[in-house]
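The values are calculated or read from the model by the stated rules, or taken from the named source; none is laboratory data. Computed from a predicted model, the values in this text were never measured in an experiment. Neighbour counts are summed over all protein chains in view; Cβ atoms, including those assigned to glycine, are modelled from backbone coordinates with ideal geometry. The accessibility values were calculated without ligands, DNA or RNA, using every heavy atom of the protein model including side chains. Shrake-Rupley method; radii C 1.70, N 1.55, O 1.52, S 1.80 Å.
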Amino acid sequence: MPALVLLGAQWGDEGKGKATDLLGGSVDYVVRYQGGNNAGHTVVVGDQKYALHLLPSGILSPGCTPVIGNGVVVDPSVLLSELSGLNERGVDTSKLLISGNAHLITPYNITVDKVTERFLGKRKIGTTGRGIGPTYADKINRTGIRVQDLFDESILHQKVEAALEYKNQVLAKLYNHRAIVTEQVVEEMLGYADALKGYVADTTLLLNDAIDEGKVVLFEGGQGTLLDVDHGTYPFVTSSNPTAGGACTGAGVGPTKISRVIGILKAYTTRVGAGPFPTELFDADGEALRSIGGERGVTTGRDRRCGWFDAVIARYATRVNGLTDFFLTKLDVLTGWEQIPVCVAYEIDGKRVEELPYSQTDFHHAKPVYEYLPGWTEDITKAKSFSDLPKNAQAYVKALEEMSGAPISAIGVGPGRDETIQVNSFLS
Ligand code: GDP
Ligand code: IMO
Ligand code: MG
């Protein structure tokens, strides 16, 4: 069982950090394959809480080698401050490996992200403002700067100059923004080179060798299925592929090497930023989910939009990712509701629809069709096995499993590592 993908099945913040950390002790490598420091992954170990943005959550497991794959976009200043923050807390980060082919988020990418959002006004995406979209745009436009460029000053200078030649025109003429000076950017980027050099490696070669040797490799997604640029609620998405295929391109590992794909699924739904969200609640229930679930963004501090569980989305995640398992998180947050609505289908312009519509217009018109499942009041945070759960909580999990199309192999009943019910092993 050497290579597993662990990814978000909804709109991000499903609890991927916790799930990765849980497996961290049993895997040899944890690899981020897309996204950047738009991610905020929370890991709680004992009384210590960590918020990771760019580093794979496996960094907290001493036996595990964390890898930043080629598909990630790296803000070097964020990376270095995240590393030093962990070092100050006694975490050894010396094993980290970074792909030389990963793209760098430059200061001008962050500027473009911010001015573009401002320009869009009420049509904005609600990005994290971390320069993610513009950096991926440069990659696809073939004007990006890669980690390896830090080690060749002449190439770095040429590439930054070429990128700014165009961008400064746009910044000045469209956004009324002052020009960005090539030399300043190059100097700043070169300032990171020495600190990063020791981490840079041919991660594709290394990961393929590791898999061939029978080592266990876990690919940790950022964001979630519905934020995927191809399969999500475009244009209200991030600019990468968090879905399972992204692990192959973002790490340089072939699909035949992936043996298991685990979807992290919250027992209700949340979303940050703009875009459609059929089960969103604007009432006291939504407020209660937000406060009980602590639904505030780890990266931007924004309140997360909250709503009931949406089985149409879960089924869709099973389909586009080829999920073999779900890890259902935050079941404990639902304790106390007399009955819990679950969206089983949509009504779109008077018709019942069972599958996620491909049409953006239809999805905007989708109204949830709810089934009401009986709730429970017993504290479930100490449950260690499925049979410890109250009957109605068991029935809720079973109903979700049936609707979602893949087995629920683990259940989160609290944020801590040990607050997990393991139903089936992920590693057998
Ligand atoms: P990620 O981005 O997918 O890693 O998720 P976030 O860290 O942004 O948000 C998930 C939040 O839920 C974090 O605060 C976690 O500590 C917390 N969490 C994860 N699993 C559980 C769970 O089963 N129960 C509870 N109550 N909290 C959880
Ligand atoms: P984790 O890994 C939730 C959202 C932003 C915005 C959209 C585009 O913690 O689950 P971007 O800055 O990526 O261009 O923003 O994507 N977004 C996330 N929402 N969790 C995340 O990461 C997210 N990363 C990006 O809010 O709507
Ligand atoms: Mg998060």
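Please enumerate the residues belonging to segment 60-90 that are open to solvent by 30 Å² or more (accessible area, probe 1.4 Å), touching a residue at least 60 places away in the same chain (Cβ under 8 Å) and aliphatic (A, V, I, L, M). Leu80, the sole residue that qualifies.
Which one is least open to solvent (accessible area, probe 1.4 Å) among residues in segment 8-46 that are among the acidic types (Asp, Glu) and modelled with pLDDT of 95 or more?
Glu14
Residue pairs whose Cβ atoms lie under 6 Å apart, sitting 6 or more positions apart in sequence or on different chains, and linking a residue in segment 106-119 that is free of Cβ contacts under 8 Å to residues at least 12 places away in the same chain to a partner that is open to solvent by 30 Å² or more (accessible area, probe 1.4 Å), do not occur here.
Residues in segment 355-401 that are over 26 Å from the mean Cα position of the chain (by Cα) and among the acidic types (Asp, Glu): 4 in all. No other residue among Asn70, Asn87, Asn38 is polar (S, T, N, Q) and within 12 Å of ligand 1 (Cβ to nearest atom) apart from Asn38. Gly121 falls short on exactly one of the conditions (1) surrounded by fewer than 16 Cβ atoms within 10 Å (Cβ to Cβ); (2) at pLDDT 95 or above; (3) among the small types (Gly, Ala, Ser), and that condition is (2). Criterion applied to Gly336, Gly275, Gly254 was being among the small types (Gly, Ala, Ser) and within 16 Å of ligand 1 (Cβ to nearest atom), and the one residue passing it is Gly336.
Count of segment 47-56 residues, restricted to those that are in a loop (DSSP other than H, G, I, E, B) and either at pLDDT 95 or above or polar (S, T, N, Q) (or both), is 4.
Could you tell me which residue of segment 4-46 is nearest to ligand 2 (Cβ to nearest atom), considering only residues that are farther than 18 Å from Thr329 by Cα and outside any loop (DSSP other than H, G, I, E, B)? Out of the qualifying residues, it is Arg32.
So which residues in segment 138-178 are modelled with pLDDT under 95 and not in a helix (DSSP H, G or I), if there are any at all? Answer for segment 138-178, where residues must be modelled with pLDDT under 95 and not in a helix (DSSP H, G or I): Leu174, Tyr175, Asn176, His177, Arg178.
Residues in segment 47-59 that are surrounded by fewer than 24 Cβ atoms within 10 Å (Cβ to Cβ) and within 10 Å of ligand 2 (Cβ to nearest atom): Ala51, His53.
When you go through (1) touching a residue at least 40 places away in the same chain (Cβ under 8 Å); (2) touching an Asp or Glu at 6+ places or on another chain (Cβ under 7 Å) one by one for Leu206, which number turns out not to apply? Against the list (1) touching a residue at least 40 places away in the same chain (Cβ under 8 Å); (2) touching an Asp or Glu at 6+ places or on another chain (Cβ under 7 Å), Leu206 comes up short only on (2).
Scoring Ile98 on the criteria (1) assigned to a helix (DSSP H, G or I); (2) touching a strand residue (DSSP E or B) at 6+ places or on another chain (Cβ under 7 Å) leaves a single failure, condition (1). Of the residues examined, Val30 is not one that is within 9 Å of ligand 1 (Cβ to nearest atom) and either in contact (Cβ under 8 Å) with a residue 60 or more places away in the chain or over 27 Å from Ala311 (Cβ atoms) (or both).
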